[in-house]
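Read the structure below first, then the notes.
The values are calculated or read from the model by the stated rules, or taken from the named source; none is laboratory data. What you see is a predicted model; the values in this text were computed from it and never measured. Here the Cβ positions follow ideal geometry from the backbone for every residue, glycine too, while neighbour counts run over all protein chains shown.
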Amino acid sequence: MTEHLVETKGLTKRYGERVAVEDLALTVRRGEVYGFLGPNGAGKTTTLKILLGLVRPTSGTATVLGAAPGSAKSLAGTGMLVESPAFYPYLSGRDNLRVLAQYCRIPATRVTEVLEIVGLSARAGDRFASYSLGMKQRLGVAAALLKDPVLLVLDEPTNGLDPAGMADMRALIRRLGGDGKTVLLSSHMLGEVQQVCDRVGVISGGRLLREGTVDELRGQGAVRVTVEPLDEAATIARRLLGEDRVTIEDQSLVLDTDQDDAARINRELVLAGLTVRALGWNERSLEEIFLEMTSEERRFATAGAGSGV
Amino acid sequence: MLVGFAAEVLKLRKRPAVWMIVAVWIMLAVVFGYLFPYLAYRSATGPKAALGKQALVQALPADLVGTAVQGFPLFAGALAMLLGVLATGGEYGWNTMKALLTQGPGRVSVVAGKALALVSLMLLVVLTSFAVDALCSVVTASITDSAMDWPGVSDLVRGIAGGWLIVTMWCLGGAFLGIAFRGTALAAGIGLVWALAIENLLRVFSSIVSGLDTVQKYLPGTNAGALAAALGSPTQSAPGGTPGVTTAVGGTQAGITLALYIVLFAVAASVLVKRRDIA
């Protein structure tokens, strides 16, 4: 049976009339990199804060590492970087980590280790205030790693980084996932999630819209064939695949089938004397799926606002 | 609690603002406790000579306790409050509170570690203040050829304990305000206005407004001033007396009231941190 390190049921957080998180049910399995995807203001950070015990839910339940959020047991195995990295500007990077290490009873040798992991050893003695944004973010990840946690909660860790810094951060997250750590990564960057995550939960307006692997969310792709004459090709394709699996878009056939069928269809079209100019796999990106899902949510919200709800 | 204590000590020790405030504290104590009385003694002539001599007496070793604690109810108290505000309010300003609370020791332990570190800092500053004041009194006695009589050990211990009680009360009051207002600016502003202005105004009106006299006997500033008076500091009504030092209540009641305020501020701060969400 798959072990769930994070599990929420009916999780809801209201601030007065405003609903930040609504009836959220998500699961993070041991050893996976879970992408928590949603536009800004979707409720990602509020959810993460509930999971860390910083914010209490209005209703619903959550367990983290089998215990209540914020309990000593759940925090002992959880490392976190929520929102921007928060440190004391007058302390050095090393001293900032020493403060946290003392709070969680971790030997000072671990501070040196995590500084090494994130590549900050050379600047560890400098004041935090003098760090670049990328260095601050890396120090935040170092702090999250201090406890050698089972679960890492990272809230938009590439925020504000330059392309090289983003690539470094993603490589680090992939490496941590490869090392067996479970990572809960919140992001509004689709490419990032697609690159590093095993499973994804899409949140918008405080509600979880879908949860699954990237492939599951993308669904099955389609074969796009540019062929002449188009009508005759459509007839052949419909005979082979069925009426409802063939559509015509932008002067091409779009066939709802898998890549293995592509060669067979190509052969049949050529044998029928048609001219096949191009044949390719038409895969929907996570971005398209995401926009599709969240646009429905936005339409719903707009309609609600319009009707005075 | 001790785990948080070590971390809090590290933060206080390395924070430049803490050193600056302590330096100002000591400097003010020296200037108003020793330099100005000495200058008054040197420059007072004619009918003012008696006042000059009286000022000098306060700067001699025999009056060490009264002189050392005379500034605690007001200016040193305000600085102690500022230290408390910075220690807790800064955590919200830098958003570091969430980092502390997710390390695992528990919310009350975090507050307890912080309170213990501040209480220790106050003891250290009071001891330093007494040591510097003692040195200044020796210098004053030497250059004025005055007697070098020292207060008894029990008086000295009582003075240090009383002084520590006064500034600890203000410091934890500031720490509570920093948590209550989740920042430094508003907490420092309200705290300082209370300590430096409002209580003095209440004292002025207490003789006129019915019931106010009773209320002010339980206020923190009044009790801080009363404890300083009980330890030998000149009251504000006496010639050359110290602002904020009064005899509104007795020393024992003042000591007990200040101790209760310390407990109240620590408990209230813990309750707030335990119950509130960290935004």
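Among the residues of the stretch B:204-261, write down those that are more than 16 Å from the chain's Cα centre (by Cα), modelled with pLDDT under 85 and either among the aromatic types (F, W, Y) or within 24 Å of B:G33 (Cα to Cα) (or both).
B:Q236, B:S237, B:A238, B:P239, B:G240, B:G241
Scan A:L139, A:L145 and give me the residue that is surrounded by 24 or more Cβ atoms within 10 Å (Cβ to Cβ), within 14 Å of another protein chain (Cβ to nearest Cβ) and not basic (K, R).
On the way: A:L145 fails: surrounded by 24 or more Cβ atoms within 10 Å (Cβ to Cβ).
Criteria check complete, one pass: A:L139.
Search the stretch A:205-247 for residues being among the basic types (K, R) and closer than 30 Å to A:Y15 by Cα, and hand back the single one that is surrounded by the fewest Cβ atoms within 10 Å (Cβ to Cβ). Explain how you work it out, then say what you get.
Of all residues in the stretch A:205-247, those among the basic types (K, R) come to A:207, A:210, A:218, A:224, A:238-239, A:245.
Applying the additional criterion that residues be closer than 30 Å to A:Y15 by Cα yields A:207, A:210.
Numbers: A:R207: 19, A:R210: 15.
This residue is A:R210.
Does any residue of the stretch B:73-87 turn out to be surrounded by 20 or more Cβ atoms within 10 Å (Cβ to Cβ) and within 14 Å of chain A (Cβ to nearest Cβ)? Talk me through it step by step, then tell me what you get.
Going through the stretch B:73-87, the residues surrounded by 20 or more Cβ atoms within 10 Å (Cβ to Cβ) turn out to be B:73-87.
Still in the running and within 14 Å of chain A (Cβ to nearest Cβ): B:86-87.
Within the stretch B:73-87, one or more residues are surrounded by 20 or more Cβ atoms within 10 Å (Cβ to Cβ) and within 14 Å of chain A (Cβ to nearest Cβ).
Taking A:D126 as the residue in question, decide whether it is modelled with pLDDT of 95 or more, in contact with a helix residue (DSSP H, G or I) (Cβ under 8 Å, 6 or more places away or on another chain) and surrounded by fewer than 19 Cβ atoms within 10 Å (Cβ to Cβ). Walk me through how you get there before you give the answer.
Working: modelled with pLDDT of 95 or more: yes; in contact with a helix residue (DSSP H, G or I) (Cβ under 8 Å, 6 or more places away or on another chain): yes; surrounded by fewer than 19 Cβ atoms within 10 Å (Cβ to Cβ): yes.
The answer is yes for A:D126.
So, in the stretch A:111-136, of the ones that are within 13 Å of chain B (Cβ to nearest Cβ) and over 24 Å from the mean Cα position of the chain (by Cα), which residue ends up farthest from A:D162 (Cα to Cα)?
Residues of the stretch A:111-136 that are within 13 Å of chain B (Cβ to nearest Cβ), as a first pass: A:111, A:125, A:127-129, A:136.
This time we only want the ones that are over 24 Å from the mean Cα position of the chain (by Cα), so: A:111, A:125, A:127-129.
On the way: A:V111: 26, A:G125: 24, A:R127: 22, A:F128: 19, A:A129: 19 Å.
Ranking the candidates gives A:V111 first.
Under 6 Å between Cβ atoms, which residue pairs at least 6 apart in sequence (or on different chains) link something in the stretch A:237-255 that is within 12 Å of A:V223 (Cα to Cα) with a partner that is of a type in the set (D, E)?
That search, which allows pairs on different chains as well, returns A:R245/A:D256.
Within the stretch B:90-121, count every residue that is over 14 Å from B:A268 (Cα atoms), more than 13 Å from chain A (Cβ to nearest Cβ) and of a type outside the set (S, T, N, Q).
The qualifying residues number 4.
Taking the residues in the stretch A:54-84 that are more than 17 Å from A:G43 (Cβ to Cβ) and in a loop (DSSP other than H, G, I, E, B) as candidates, determine which candidate is modelled with the lowest pLDDT.
Among them, the one singled out is A:S84.
Taking B:V9 and the conditions (1) of a type in the set (A, V, I, L, M, F, W, C); (2) more than 14 Å from every other protein chain (Cβ to nearest Cβ); (3) touching a Ser or Thr at 6+ places or on another chain (Cβ under 9 Å), which numbered condition does it fall short on, given that it satisfies the others?
(2)
Taking the stretch A:138-162 as the region of interest, how many residues are within 18 Å of the chain's Cα centre (by Cα) and either not aliphatic (A, V, I, L, M) or not assigned by TED's automatic domain parsing to the domain that holds A:S186 (or both)?
Looking only at that region, the number is 6.
Quick check on my filter: what residues within the stretch A:59-106 are of a type in the set (S, T, N, Q), within 8 Å of chain B (Cβ to nearest Cβ) and surrounded by 16 or more Cβ atoms within 10 Å (Cβ to Cβ)? Reasoning before the result, please.
Just the residues of the stretch A:59-106 that are of a type in the set (S, T, N, Q), to begin with: A:59, A:61, A:63, A:71, A:74, A:78, A:84, A:92, A:96, A:102.
Cutting the leftovers down to within 8 Å of chain B (Cβ to nearest Cβ) gives us A:78, A:84, A:102.
Correct list: A:T78, A:Q102.
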